[in-house]
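Inspection log for the structure reproduced underneath, given as structure tokens.
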Ligand code: C5P
């Protein structure tokens, strides 16, 4: 039998990454940050590793030719996870893939069906005993439809923008709250309206709204759902 999966999906900055990591640690399970794969493919495209085209400053989704090249790159994604460092073709990109510009590019290539298809097997390969906690947008709907527990983690756009703002300020970056809120709402719109694997709760997902919850409470809530489930 395949190892059990807990799928945690939700919009940008809902806290699902932190929550999923903490749940994985609490259970002693593996962890998949599926967004990092889209970010890695996007960074490769931005750095010209997927061919001569540029994703750099086009506001609109790229033409089909780009889609094929980026999908080919995503299929062979030359990534190595080395402890807490992420190496793309040997270069440490751990911090680079977290930049807002890369997140935005990731959300642009994530609308491309060929790119999504290229990453399916790579994501499923993370499923190993004793279990996997996977976070993303389509973990419960597309990648692991047989997940033992599906959580859809949300929070109001305002609360998510404020969290992102605090994170950036704490890291010493400058940040602009109205701008963050605008970007976040635009990314929500793109993730929810794309034709392939749009962001939406699975039919059998448990919706957890963390607007008024701290991280600890949210982790407890998910672990509680898992305990009830067994
Ligand atoms: O979660 P994160 O912000 O790192 O993801 C970056 C982008 O990758 C998202 O905005 C989304 O468009 C895309 N993504 C996706 N499906 C996933 C994970 C991420 O489409 N499972």
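The values are calculated or read from the model by the stated rules, or taken from the named source; none is laboratory data. Remember, predicted model here, so these are calculated numbers, not experimental data. In this analysis, Cβ positions are derived from the backbone assuming ideal geometry, glycine residues included, and neighbour counts consider all displayed protein chains.
In table form, for the structure just shown:
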| item | result |
| --- | --- |
| Members of the range 16-44 that are within 11 Å of the ligand (Cβ to nearest atom) and closer than 22 Å to residue 216 by Cβ | 16, 17, 20, 33 |
| Scan of the range 137-185 for residues that are within 16 Å of the ligand (Cβ to nearest atom), part of a helix (DSSP H, G or I) and farther than 15 Å from residue 13 by Cα, ordered by number | 139, 140, 141, 142, 143 |
| Selected residue (criterion: surrounded by the fewest Cβ atoms within 10 Å (Cβ to Cβ)) from residues of the range 1-15 that are away from the ligand (no atom under 14 Å from the Cβ) and modelled with pLDDT under 95 | 1 |
| Any hit, the range 104-125, residues being modelled with pLDDT of 95 or more and in contact with a strand residue (DSSP E or B) (Cβ under 7 Å, 6 or more places away or on another chain) | yes |
| Filter result (in a loop (DSSP other than H, G, I, E, B) and either farther than 25 Å from residue 222 by Cα or in contact with a strand residue (DSSP E or B) (Cβ under 9 Å, 6 or more places away or on another chain) (or both)) within the range 186-202 | 194, 195, 196, 199, 200, 201, 202 |
| Filter result for residue 47 (free of Cβ contacts under 8 Å to residues at least 24 places away in the same chain, closer than 25 Å to residue 166 by Cα and more than 16 Å from the ligand (Cβ to nearest atom)) | no |
| Selection from the range 207-228 of residues that are outside any helix (DSSP H, G or I), in contact with a strand residue (DSSP E or B) (Cβ under 7 Å, 6 or more places away or on another chain) and surrounded by fewer than 17 Cβ atoms within 10 Å (Cβ to Cβ) | 207, 209 |
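Every residue, every condition in (1) touching a helix residue (DSSP H, G or I) at 6+ places or on another chain (Cβ under 7 Å); (2) part of a strand (DSSP E or B), yes or no:
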{"position": "74", "(1), (2)": "yes, no"}
{"position": "97", "(1), (2)": "yes, no"}
{"position": "103", "(1), (2)": "yes, no"}
{"position": "108", "(1), (2)": "no, no"}
{"position": "111", "(1), (2)": "yes, no"}
{"position": "115", "(1), (2)": "yes, no"}
{"position": "122", "(1), (2)": "yes, no"}
{"position": "127", "(1), (2)": "no, no"}
{"position": "135", "(1), (2)": "yes, yes"}
